[in-house]
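The structure appears below as structure tokens.
The values are calculated or read from the model by the stated rules, or taken from the named source; none is laboratory data. Fair warning: this is a prediction, and the values are worked out from it, not measured in the lab. Note: ideal-geometry Cβ built from the backbone for every residue, glycine included; neighbour counts use all protein chains shown.
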Amino acid sequence: MGLYVVTIIGYMAAILGVGALFVHYLRVGLDSKQSEIVDPKPTTKY
């Protein structure tokens, strides 16, 4: 029974860890404000 509980807790921790990394990527990695730093808008108008 103890091995079952430890296995379930381990899987839950792994799933929560992967979920937290995914949410962190969505919040920080896809921040649209940083796109201005990498590729600024052109200043000349055509």
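Structural remarks
- Filter pass, I37 being at pLDDT 75 or above and in a helix (DSSP H, G or I): no
- Cβ pairs under 7 Å, 6+ apart, first in segment 1-19 and loosely packed, with under 10 Cβ neighbours inside 10 Å, second among the β-branched types (V, I, T): none
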